[in-house]
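Structure record follows, encoded as structure tokens.
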Amino acid sequence: MIDDVTTLEGEESGGSTAEVAVALILEAYMADLEAGRAVDPEKLIEAHPDLAGPLRACLEVIGGPGDGSARPSAAAPSGHPDRAWSNTLTTLWESDDAPPRVHLSDPAGDEPSPVLNRPGLPPHAGRYQILGEIARGGMGAVLRARDADLGRELALKVLLAPHRDDVDLRNRFVEEAQIGGQLQHPGIVPVYELGAFPDRRPFLAMKLVRGRTLAALLAERPDPSHDLPRFLAIFEQVCQTVAYAHARRVIHRDLKPSNVMVGSFGEVQVMDWGLAKVLTEGGVADERRRPDLAVDATQVQTVRSEGSGSESLAGSVMGTPAYMAPEQARGEVDRLDERADVFGLGAILCEILTGRPPYAGPLRGAVLDRARQGDTADALARLETCGADGELVALTRDCLAARMADRPRDAGAVARRVTAYTTGVQERLRAAELAKVEAQTRAVEERKRRRLAVGLAAALLGLVVTLGGGGAWWAYDRQARAARVDSALRGAAVLLAEAEGGNDLSKWSAAHEAANQLGSSLAEARDEATRARVISLIELVDRGSTGATADRVLLDRLVAIRSDSVESDLDEIDARYADAFHDRGIDPDPALWSRSMCDASR
């Protein structure tokens with residue numbers, strides 16, 4: 001990586017004898033610095049004259065001599081090993097005190113990316129300490145590194161040695177850095193610095209993203225309907241991120257689940273802007289800005305947009321065939337605009353809903369042919385039978401339209417439709433919840449009315465029996481007693497009816513008082529039938545009063561749960577409703593509690 005002698009891939013053969021020798025010398029040099037032992041870089045070079053060239057280049061990167069004069073800035077003053085960890089901090093701290101170190105712990109479950117220690121990896125790139133290789137592709141590799149000044153880990157993307165003389169690839173690499181540096185959005189990985197190794201290979205320092213790709217998460221699902229709300233929320237964030245890029249006149253051109261990273265705390269970032277393109281003001285992709293177009297201060301500027309001569313040839317095909325718009329698959333570079341990304345968004349949504357991208361198959365050539373023809377018949381058939389909501393299926397079909405004019409204009413339009421759908425789902429869920437509460441309340445009121453009817457019928461039946469009599473005197477005496485009891489019964493019955501007709505606990509208190517007075521008249525009710533009626537009415541009042549109090553407690557709990565429903569998890573809300581009704585002795589039909597999104601959204 002440092003130069004022709006020490007490269008990232010070690011020339012893919014473990015490195016030459018000179019490479020190994022340089023690596024060993026540098027390791028000993030860095031060990032001395034970290035131990036606080038002062039080392040003169042010039043003397044180190046003089047001690048190895050046959051390796052003077054590569055040694056000088058390496059020392060230049062890690063803080064050694066630049067123009068032949070000794071610069072011991074990378075060495076720590078005696079007795080202070082902490083001074084060796086950073087050139088910047090060493091420069092700032094000229095006293096005997098060591099520079100401060102702050103190390104934050106990683107969040108639980110946020111595992112660091114695995115690294116591969118390839119032969120020939122240099123220990124440093126500028127001020128970054130290289131820890132190993134994370135991944136590599138056909139043109140570049142991603143290294144895990146550490147910024148000693150800030151104490152943070154980051155990622156270094158570097159062009160591989162075989163491509164260091166490819167001007168077009170090098171300029172594309174620089175353009176990716178410039179685009180990433182100007183696109184400042186939570187859904188886009190921040191770019192910290194653009195640098196270069198002595199062999200003129202550029203590297204890009206950026207945030208080290210921890211998490212899993214959307215492709216890996218989708219592959220773990222038992223079926224496409226599993227956890228659909230979560231994946232739709234991820235997709236909505238992807239749409240918002242791409243919408244921001246489109247607002248800056250940038251298209252991604254390689255949208256797919258493997259380029260979407262989902263973090264441990266719900267953060268979603270769109271990765272790999274290496275194929276991104278800056279559009280002209282007219283909205284059509286072009287590798288070189290026309291000289292007659294004025295520069296907009298809000299538009300992203302890159303080396304190619306400034307006319308560096310590294311424009312792509314018409315007809316070049318860049319992207320991933322399984323997710324590629326027809327015009328992009330045909331290499332119609334002069335026609336590409338935001339709608340190519342809209343097709344990519346539709347392809348991601350198609351995989352979320354059906355489990356596969358629009359064009360699926362084992363042979364890359366066959367997939368590319370289908371992409372060129374815009375043959376989405378298989379994808380559309382899968383969408384029709386996936387069981388997803390009609391709005392989602394319609395949005396996917398629109399995004400996957402073969403004709404550019406039939407697709408939504410840009411990612412912003414797609415984002416608005418997704419947001420409208422998710423908002424509608426939430427509103428339908430809230431409506432279903434309210435309907436469920438109302439149904440339960442009506443059921444409670446119906447039971448109360450039935451209890452009232454039974455109580456009144458029993459009271460009237462007792463009153464009719466009481467009117468019968470025997471002899472005249474006994475009839476008169478019993479009639480007088482019966483009249484008093486009947487009056488008390490009727491008064492208590494009226495108060496009971498009023499209490500049963502509403503939720504006013506004060507009326508239940510009045511009915512209870514009347515029932516107590518009726519109980520004191522039992523001595524005048526000498527026949528068993530009257531006594532039975534009085535006892536029955538007293539029991540009705542006692543049960544009704546107890547039930548009214550319990551109903552009031554239930555209603556208060558329902559109101560409290562409903563007030564909390566906006567900020568609480570829907571599953572928790574359902575459980576609280578169920579507990580409230582269960583405590584009241586009500587066990588509703590379990591079908592009333594189903595919150596399946598598909599059912600609730602219909």
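The values are calculated or read from the model by the stated rules, or taken from the named source; none is laboratory data. The model shown is predicted, which means the values in this text are computed figures rather than measured ones. So basically every Cβ, Gly included, is an ideal-geometry build from the backbone, and we count neighbours across all protein chains shown.
Values as computed for the structure displayed
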quantity: Residues being part of a strand (DSSP E or B) and in contact (Cβ under 8 Å) with a residue 60 or more places away in the chain - total across region 154-192; calculated: 2
quantity: Candidate set: region 182-213, residues that are of a type in the set (Gly, Ala, Ser) and modelled with pLDDT of 90 or more; chosen: the one farthest from Gly274 (Cα to Cα); calculated: Gly187
quantity: Subset of region 223-241 [closer than 23 Å to Cys386 by Cβ, in contact with a helix residue (DSSP H, G or I) (Cβ under 8 Å, 6 or more places away or on another chain) and in a helix (DSSP H, G or I)]; calculated: Leu228, Pro229, Phe231, Leu232, Ala233, Ile234, Phe235, Glu236, Val238, Cys239
quantity: Residue under evaluation Leu204, criteria (1) touching a Lys or Arg at 6+ places or on another chain (Cβ under 7 Å); (2) surrounded by fewer than 19 Cβ atoms within 10 Å (Cβ to Cβ), criterion not met; calculated: (2)
quantity: Close pairs from region 538-557: first assigned by TED's automatic domain parsing to the domain that holds Gly491, partner basic (Lys, Arg) and not in a helix (DSSP H, G or I), Cβ under 7 Å, at least 6 apart; calculated: Ala550/Arg584; Leu554/Arg584
quantity: Extreme residue, nearest to Ser225 (Cα to Cα), among residues of region 358-372 that are in contact with a helix residue (DSSP H, G or I) (Cβ under 7 Å, 6 or more places away or on another chain) and surrounded by fewer than 24 Cβ atoms within 10 Å (Cβ to Cβ); calculated: Ala360
quantity: Top-ranked residue in region 323-339 [being touching a Leu at 6+ places or on another chain (Cβ under 9 Å) and part of a helix (DSSP H, G or I); ranked as surrounded by the most Cβ atoms within 10 Å (Cβ to Cβ)]; calculated: Gln328
quantity: Tabulated pairs, region 341-361, first part of a loop (DSSP other than H, G, I, E, B), second among the β-branched types (Val, Ile, Thr), C-beta under 8 angstrom, 6+ apart or interchain; calculated: Pro358/Thr376; Tyr359/Val367; Tyr359/Thr376; Ala360/Val367; Gly361/Val367
quantity: Residue in region 194-216 that is over 21 Å from Tyr323 (Cβ atoms), part of a loop (DSSP other than H, G, I, E, B) and without any contact (Cβ under 8 Å) to a residue 24 or more places away in the chain present; calculated: no
quantity: Flag for Ala402 being assigned by TED's automatic domain parsing to the domain that holds Phe231, farther than 23 Å from Asp223 by Cβ and outside any helix (DSSP H, G or I); calculated: yes
quantity: Selection from region 121-145 of residues that are over 27 Å from the mean Cα position of the chain (by Cα), assigned to a strand (DSSP E or B) and of a type outside the set (A, V, I, L, M); calculated: His124, Tyr128, Gln129, Gly132, Glu133, Gly140
